[in-house]
Amino acid sequence: MVDGVAAVHDLNKKLLYMENVYKDYGKKRVLDNIDLSVESGEFCTLVGPSGCGKSTLFRLILGEERPTSGEILIDGIPVGYPDKTRGIVYQKYSLYPNLRVVENILLGPKLASGAVRWLAKKNIFEQEARQILAEVKLADHGDKYPHELSGGMQQRVAIAQALIMKPKILLMDEPFGALDPGTREHLQVFILELWHKFNMTVFFVTHDLEEALFLGTRVLVLSQFYMDGRGDGETNRGSKIVFDEKVTRSTTTDFKHSAECAELMKKIRESGFDPEHRRHVTEFNLRHPDSFQTLTEAEKRMA
């Protein structure tokens with residue numbers, strides 16, 4: 001962890017970099033001085049109490065919204081509007097019901113290519129789409145329509161939609177939240193298989209602590225429940241990253257039922273989910289090697 005005006009990082013090695021990021025809506029501050037540095041190949045999971053701004057942070061990285069102030073870089077380049085560098089998978093399936101599965105997957109390349117290039121390379125793109133369908137274990141379903149697939153299968157198509165664009169980072173916002181527990185666990189294992197196979201960088205938002213710990217190589221907690229020298233109470237300012245740890249997890253789902261998982265869940269709840277258990281900004285659990293803080297003198301003063 002680094003206090004002060006700025007942290008020293010080799011930005012050439014950081015896929016996602018955020019420093020001094022604030023987000024206000026009118027007079028309400030939602031995110032307060034967010035600092036984050038993520039290397040290529042990490043699987044970051046983000047959790048936090050209701051209303052902490054997880055979706056707001058997600059939209060800033062995607063480029064759907066702009067920060068009030070601060071810097072957000074993807075591969076050293078300032079984040080602009082959403083583009084193919086950032087793949088996206090939402091909880092609600094992003095499929096067009098009137099298009100076949102393979103046509104849904106081809107929609108991204110078609111829109112990004114322009115008419116001339118699309119016509120010249122349509123067959124190549126379709127071969128690639130069929131190959132990705134095989135990777136997501138839907139090789140025999142390319143000519144079906146979304147309504148002919150189960151919820152879990154539709155979400156795998158949504159993942160295939162993102163993968164065909166070869167994004168630098170895959171952003172996932174509660175992607176398995178609407179699924180039944182069995183399907184959800186199956187897709188958790190599935191996304192880990194894809195992450196290993198394609199060496200992806202993933203930023204995964206979830207409300208489920210167990211899911212965050214099972215999937216992540218790094219777990220982040222965003223919370224409004226903390227103290228600093230500017231006063232106490234989440235009404236005075238927005239959320240900060242209060243917990244940032246590297247996670248060494250099991251390769252099997254048995255980890256979810258282990259004492260280690262239970263202990264980590266307890267630590268996370270104490271760090272950012274309990275309004276009665278607030279840490280000062282100088283005492284946040286920021287143990288990941290890339291964690292850093294850029295705090296003002298007012299923030300660092302003991303309350």
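Bear in mind these aren't lab numbers, they're just calculated from the coordinates by the rules spelled out. Owing to the predicted nature of the structure, the values given are computational and were not obtained by experimental measurement. Ideal geometry is used to build each Cβ from the backbone, glycine not excepted, and the neighbour counts take in all protein chains shown.
General observations
- Taking other Cβ atoms within 10 Å as a rough exposure proxy, TYR25, TYR145 sort from fewest to most as TYR25, TYR145.
- Counted residue by residue at 0.36 nm each, then reduced by the alpha carbon distance between them, the extension gain from THR217 to ALA134 reaches 27.2 nm.
- Segment 245-268 and segment 118-184: distance between their alpha carbon centers, rounded to Å: 29
- Here the gap between ALA178 and ASP24, fully extended at 0.36 nm per residue and compared with their Cα-Cα distance, gives a gain of 52.5 nm.
- When the listed pairs LYS84/LYS256; LYS168/LYS246; LYS54/LYS300; LYS122/LYS246; LYS166/LYS246; LYS246/LYS300 are checked against a 32 Å cut-off, the alpha-carbon distance exceeds it for LYS84/LYS256; LYS122/LYS246.
- On Cα atoms only, tilt of 259-272 relative to the major axis of the chain in degrees: 60
- In degrees, nearest ten, helix 101-113 long axis to first principal axis of the chain (Cα): 70
- Beta bridges by DSSP in the chain, antiparallel share as percent, to the nearest 5: 50
- Peptides 110-119, 266-275 ranked from most to least packed by the mean count of surrounding Cβ atoms within 10 Å: 266-275, 110-119.
- Counting only DSSP H runs of at least 4 residues, each contributing -39500 (n - 2.57), and dividing by the residue count of the chain, the helix-based mean residue ellipticity at 222 nm comes to -10000 deg cm²/dmol.
- Share of pairwise Cα separations in the chain, more than 33 Å, in percent: 27
- With R₀ set to 45 Å, the beta-carbon distance separating ALA120 from GLN91 gives a calculated FRET efficiency near 0.80.
- Relative contact order %, segment 96-166, counting alpha carbon pairs below 8 Å whose residues are six or more apart: 50
- Charge tally in the Cβ shell below 12 Å around HIS288, where Lys, Arg are +1 and Asp, Glu are -1, HIS288 excluded: -3
- Label-point gap, in nm, between HIS196 and ASP83 - each point 7 angstrom along Cα→Cβ: 3.4
- Cα-based reach from LYS121 at 19 Å (exclusive), listing aspartates and glutamates while leaving out same-chain residues under 8 positions away: GLU103
- Ranked by how many other Cβ atoms sit within 10 Å of their own Cβ, fewest first, the residues THR251, THR56, THR206 fall in the order THR251, THR56, THR206.
- Residue of LEU138, LEU57, LEU31 that the Gaussian network model of the chain assigns the largest fluctuation, springs spanning Cα pairs under 10 Å: LEU138
- Length gained on full extension, HIS147 to HIS280: 42.9 nm, using 0.36 nm per residue less the C-alpha separation.
- Relative contact order computed over the chain (Cα-Cα under 8 Å; 6+ residues apart), in percent: 26
- Spacing of the two label points (7 Å from each Cα toward its C-beta) at LEU111 and THR252, in nm: 4.3
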